[in-house]
Each structure stands twice: as C-alpha cells, then as structure tokens.
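The values are calculated or read from the model by the stated rules, or taken from the named source; none is laboratory data. No experiment lies behind these values; they were computed from the predicted model shown. Positions of Cβ are generated from backbone atoms using ideal geometry, with glycine treated the same way; all protein chains shown enter the neighbour counts. Accessible surface areas use protein heavy atoms only, side chains included; no ligands, DNA or RNA. Shrake-Rupley method; radii C 1.70, N 1.55, O 1.52, S 1.80 Å.
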Amino acid sequence: MKNPKSNSINRRQFLYGSSLGVALFHILPGRALGAERTSANEKLGVAGIGVGSQGGGDIDAVAQEGQNIVALCDVDAQYAAKKFAQYPKARTFKDYRVMLDKMGKDIDAVVIGTPDHTHAVIALEAMRRGKHVYCEKPLAHSVREIRTLMAAARQHKVVTQLGNQGHSSDTIRRLCEWVWAGAVGPVHTVHAGCDAFKEVYCQLRNLDKLDKSYEVPKSLDYDLWIGPVPFRPYTPFWVHWNWRGWMPFGTGTVGDWFCHVVDPSFWALDLDAPSSVRAEVTDYDPARHGLTYPPATKITFEFPARKERGPVKLIWHDGNNRIPKPENFSADDQVPGTGAVLFGAKGMIVHGSHGAGGCRLVPDKLMEQYSGRNAPAAKIPRVKGHAWDWIEAIRTGRQAGSNFDYGGPLTQAALLGAIAIRFPGQTLKWDDQEALFTNHDAANAFVNPPYRDGWSL
Ligand SMILES: NC(=O)c1ccc[n+]([C@@H]2O[C@H](COP(=O)([O-])OP(=O)(O)OC[C@H]3O[C@@H](n4cnc5c(N)ncnc54)[C@H](O)[C@@H]3O)[C@@H](O)[C@H]2O)c1
C-alpha cells in the first residue's frame with residue numbers, strides 16, 4: 001500500500017530499514033510540510049470536531065501542550081455541552097464546513113473525534129484547506145477512504161497523526177527493539193484480540209427495535225451526524241457510543257481495537273497488507289443479523305514475507321472468543337483478554353493494549369537476558385506523548401509517528417477483517433496493488449461503498 005511515487009520515505013520504513021543503527025526521525029523542511037507556523041513560541045490555533053467524548057479528551061491533550069483551542073464543532077450541543085463550557089473562548093459550530101469557512105486561517109490544525117463513518121469527509125475537507133490533522137482511529141470506514149486520505153496528506157503536505165495513542169509509548173518501542181534484536185527469534189504467528197465492551201459491538205438484542213419510530217432529540221443535527229452514509233431514519237440505538245456496533249457507521253471490535261492492539265506487531269514486523277483474510281463467527285448469520293457484529297469472531301490474516309522476515313499469520317479474536325492460552329504457558333501465566341501474544345522461534349512476547357502495555361518476554365529467562373542493563377540499544381527516539389508528537393512534528397517540519405502513511409495500512413488491515421465478517425468461512429484473497437479481492441465480487445462492494453447523494457470524497 002506504499003505510494004511508489006512518494007519521494008519521501010515514511011517514518012516506519014526509515015526506522016525499520018535504517019542502516020545508521022540509531023534511527024532518526026524523518027525530517028522534512030518545515031515549509032515542505034505546509035506548516036505556516038513552525039516557531040516554537042507561536043501557539044497553534046486548533047479546532048476540535050466531534051468533542052462529546054474521546055475527541056474532547058484529545059482536545060484536552062492538545063490544550064495541555066499549550067496550544068490555543070480556537071473552535072469546537074459538534075452536531076449535538078448537548079452531548080458536547082461540558083466540553084463547550086470548558087473552553088469558553090472557543091467559537092462553537094455544528095457544521096465543520098461552516099467552521100472551516102468562517103475561521104479560515106485562525107485554524108492551523110484540527111482534531112477529529114467523530115464516529116468512524118465521518119472521519120474521511122472531515123479529514124479530507126480539512127487537509128484540502130491546508131490544516132494539519134489528528135484523526136481518531138480507525139482512520140476511516142472504507143479502504144477507498146483510507147487511500148484518498150493518504151494521498152491527500154501527501155498532496156497537501158500536512159502533518160497527520162492517527163489517534164492510536166499507544167504508538168507514542170515507550171513500551172511499544174521496547175517491544176520493537178526486542179523483536180529487532182532477535183529476543184524471541186523470527187516471529188511467525190501473532191494471536192491478538194479484544195474482549196472489551198461486548199454488548200456494544202454485538203447488538204443482536206436491538207435488531208428488532210430498529211423499525212420503531214423515534215423522535216430525533218432537539219439538540220442533535222441527525223442529518224449531519226449521518227453525513228456521507230446512505231440515510232436511515234433515526235434510532236437512539238445508533239448514535240453516541242452505540243454506532244460502533246452497527247456496520248453502516250462503526251467497524252466492530254476489530255475496527256475499534258486493531259489499531260491499538262496490533263500496532264506493536266505492525267510496527268515491529270513491518271506488516272503492510274495481508275494477502276488473505278478469513279473470518280469465522282459464532283451464533284451469527286450475516287444475512288439476518290448483518291447490520292451488527294457477531295458475539296464472537298476469529299479472523300485469520302496472512303501477511304506475506306517481506307524484506308528480511310518470513311510470512312506472518314495473525315489471528316484476531318474478539319467478543320466471546322478469547323486469545324487461546326499457549327501450550328507451553330505455565331498454570332499462572334495470564335493471557336491478556338485485550339492484547340496480543342507474538343510467537344517467535346525462541347520465545348514469546350505477551351502484551352496488553354495501547355502501545356503494548358505491560359509487555360514481557362516468555363519464558364522468564366528471556367526477560368533477564370533482554371531487560372535492565374541487558375536491554376537492546378534504544379533505536380527509536382522516545383516521545384513525550386501522542387499529542388506532543390503531533391504538535392512537535394508540526395513545529396519542526398517532520399512527520400508524526402502514527403502519520404497516515406503508517407495509520408492508513410494499519411487501518412486497512414482492520415477494515416479487511418471487518419469485511420471478512422460479512423462472508424464467514426470464506427478466504428478472501430486481497431490484491432493490494434489493485435485494491436480488490438481477486439476471488440470475491442460481493443466483498444469488493446464493501447471496499448468502496450456508495451456515498452449518500454450530495455456527499456463525495
Ligand atoms: N483512541 C482511543 O483510545 C479511543 C477511545 C474511544 C473512542 N475512540 C475513537 O474516537 C471516535 C469517537 O468515539 P466516541 O466514543 O467518542 O464516540 P461518541 O459518539 O461518544 O462521540 C462522538 C462525538 O462526535 C459528535 N459528532 C458526530 N458526528 C459529527 C459530525 N459530523 N460533526 C461534528 N461532530 C460530530 C457527536 O455528537 C459526539 O459528540 C471514534 O472514531 C472512536 O473509534 C478512540
């Protein structure tokens with residue numbers, strides 16, 4: 001999924017392939033990144049779009065880095081009321097297009113915390129106007145959207161950051177350095193997964209309530225909330241938090257968590273596009289239940305050999321289907337409910353979510369060999385935080401760690417998994433160059449799903 005025409009190596013390629021030993025950040029001249037304000041003393045004007053929940057936390061993180069929150073935009077003034085009140089100097093808006101028109105150059109950068117189905121239209125509109133973008137994960141809701149955003153970020157030379165905040169942790173860096181130092185030998189298999197919030201991702205219980213008629217709350221601009229997705233009448237079951245369990249809007253557990261949980265493997269093993277993906281589901285019939293996600297899912301991704309590493313099989317588990325306990329685990333060794341186990345020829349790495357939290361080597365003797373004074377040299381520069389990294393990148397004219405050239409392919413793998421859920425038991429073969437499944441026309445319809453009239457990318 002890499003852009004062969006891009007003359008700028010991305011940070012992941014650089015760090016992985018660096019022959020310098022100690023890798024440096026990918027530095028570009030400030031002007032080349034379109035950053036108009038790169039002075040360390042000048043504050044950026046930042047706008048939040050979708051601030052009622054996670055996006056509000058993201059805006060706080062940017063404010064804590066000393067930047068000016070100049071505008072807040074949300075389609076539901078009530079849901080976002082606390083955040084609006086917290087920043088009384090910020091102008092408030094309902095429609096991000098109106099905000100971008102009216103605020104013009106007062107906005108240098110935007111933070112997007114809307115549901116998955118509106119990330120792409122908002123991020124694209126902002127980048128076209130030269131704004132730097134921090135966008136919550138997953139980057140988008142379809143493969144076509146991801147590719148459009150990646151191309152636009154390069155074209156408009158803006159600094160981008162996906163909101164998988166664990167990417168800025170020290171632990172994910174330590175895990176990469178363990179893998180690169182050969183602590184567990186070549187990694188061939190990864191079991192990853194998430195057992196959190198099962199009731200929101202699987203909404204089978206609410207399927208028969210969707211036909212009832214519900215009044216749209218006065219504070220909510222439902223038409224804007226729907227945005228580019230073909231219109232469906234309002235129900236309280238799919239707005240605010242709940243959307244993540246409904247296919248037209250959310251991407252299920254795999255879409256919500258892959259960018260956190262698989263991020264360490266993706267970086268350490270230099271993964272890109274899988275060559276195939278196959279889902280198995282439990283107590284679920286896509287023909288009858290296909291608006292929501294299954295109660296238990298297992299998805300197998302085959303990643304082809306790349307550069308010096310061999311092929312990698314990644315098995316994703318969610319809902320009631322948990323990561324299996326490895327055979328050689330001792331009785332009290334815990335497998336994370338949300339996290340991953342990387343299997344190498346010599347041992348394993350076990351970690352939790354958000355930047356490989358709590359990562360450790362198994363067996364214990366490997367921990368002694370590769371930690372403390374014996375830890376491999378730090379090859380990846382440490383950063384002070386995810387918002388910090390993005391702002392520092394804007395100021396200094398480099399790219400941020402989880403920029404769209406990294407977060408795009410990471411999200412794409414997750415979304416291919418979400419498509420496979422619609423066709424359980426079938427191996428879907430992916431041609432990344434052509435961006436299509438070579439053996440499944442029906443699955444291809446979800447690579448580039450139609451937009452509602454009046455909306456386009
Ligand atoms: N990085 C993390 O750890 C993390 C955690 C939670 C959520 N997220 C991500 O953050 C995003 C939001 O999730 P959430 O749980 O906060 O959802 P939410 O539904 O609770 O909040 C979304 C907010 O966006 C507003 N909104 C919706 N459409 C809008 C539009 N077109 N324009 C402006 N505002 C709009 C809503 O009114 C609401 O205030 C998702 O992409 C999710 O995956 C990330």
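Residue pairs whose Cβ atoms lie under 6 Å apart, separated by 6 or more positions or on different chains, with the first residue in the range 327-352 and basic (K, R) and the second surrounded by 15 or more Cβ atoms within 10 Å (Cβ to Cβ), are K346/V184.
Looking at M150, M99, can you tell me which residue is under 24 Å from D221 (Cα atoms), open to solvent by less than 40 Å² (accessible area, probe 1.4 Å), modelled with pLDDT of 95 or more and assigned to a helix (DSSP H, G or I)? Spell out how you get there, then give the answer.
Details: M150 fails: under 24 Å from D221 (Cα atoms).
Among M150, M99, only M99 is under 24 Å from D221 (Cα atoms), open to solvent by less than 40 Å² (accessible area, probe 1.4 Å), modelled with pLDDT of 95 or more and assigned to a helix (DSSP H, G or I).
Is one or more of the residues making up the range 299-322 charged (D, E, K, R), in contact with a strand residue (DSSP E or B) (Cβ under 9 Å, 6 or more places away or on another chain) and surrounded by 24 or more Cβ atoms within 10 Å (Cβ to Cβ)? Scanning the range 299-322 turns up at least one residue that is charged (D, E, K, R), in contact with a strand residue (DSSP E or B) (Cβ under 9 Å, 6 or more places away or on another chain) and surrounded by 24 or more Cβ atoms within 10 Å (Cβ to Cβ). Output the residue which, of all residues in the range 102-124 that are away from the ligand (no atom under 11 Å from the Cβ) and part of a loop (DSSP other than H, G, I, E, B), is farthest from L220 (Cα to Cα). Once the filter is applied, the top-ranked residue is D108.
Listed by first and then second residue, the pairs linking a residue in the range 113-130 that is more than 17 Å from R154 (Cα to Cα) to a residue that is among the β-branched types (V, I, T) and open to solvent by 10 Å² or more (accessible area, probe 1.4 Å), with Cβ atoms under 6 Å apart and 6 or more places separating them unless they lie on different chains, are H117/V229.
Which count do you get for residues in the range 55-80 that are near the ligand (Cβ under 10 Å from one of its atoms) and surrounded by fewer than 19 Cβ atoms within 10 Å (Cβ to Cβ)? Before the answer, list the steps.
Our first condition is that a residue be near the ligand (Cβ under 10 Å from one of its atoms); within the range 55-80, this holds for 55-58, 72-80.
When the remaining residues are screened for being surrounded by fewer than 19 Cβ atoms within 10 Å (Cβ to Cβ), the result is 57, 77-78.
So the answer is 3.
Restricting the search to the range 253-283, which residues are over 25 Å from E434 (Cβ atoms) and within 14 Å of the ligand (Cβ to nearest atom)? T253, D256, W257, H260, V261, D263, listed by residue number.
Inside the range 223-232, can you point out the residues that are of a type in the set (D, E, K, R) and either assigned to a loop (DSSP other than H, G, I, E, B) or more than 12 Å from the ligand (Cβ to nearest atom) (or both)? Step through it out loud before you land on a result.
Narrowing the range 223-232 to residues of a type in the set (D, E, K, R): 223, 232.
Once the filter is applied, which keeps residues that are of a type in the set (D, E, K, R) and either assigned to a loop (DSSP other than H, G, I, E, B) or more than 12 Å from the ligand (Cβ to nearest atom) (or both), the range 223-232 yields only R232.
Among the residues of the range 233-251, those identified as buried (at least 24 other Cβ atoms within 10 Å of the Cβ), within 11 Å of the ligand (Cβ to nearest atom) and not hydroxyl-bearing (S, T, Y) are W238, G250.
Hey, among the residues in the range 363-388 that are farther than 13 Å from C176 by Cα and among the charged types (D, E, K, R), which one's most open to solvent (accessible area, probe 1.4 Å)? Here the answer is R373. Filter the range 125-146 for residues that are more than 13 Å from the ligand (Cβ to nearest atom), assigned to a loop (DSSP other than H, G, I, E, B) and not polar (S, T, N, Q) and give the result. Listed by number, the residues that qualify are R129, G130, K131.
Just the residues that are small (G, A, S) and open to solvent by 20 Å² or more (accessible area, probe 1.4 Å), please, taken from the range 172-189. Even if it seems obvious, please write down each step before you answer.
So the first thing to find is which residues in the range 172-189 are small (G, A, S), and the list is 181-183, 185.
Result: A181, G182.
For the range 199-222, which residues satisfy the criterion of being assigned by TED's automatic domain parsing to the domain that holds G252 and within 14 Å of the ligand (Cβ to nearest atom)? Within the range 199-222, V200, Y201 meet the criteria. Evaluate the range 276-297: report whether one residue or more is closer than 16 Å to T338 by Cβ and part of a strand (DSSP E or B). Yes, the range 276-297 contains a residue that is closer than 16 Å to T338 by Cβ and part of a strand (DSSP E or B).
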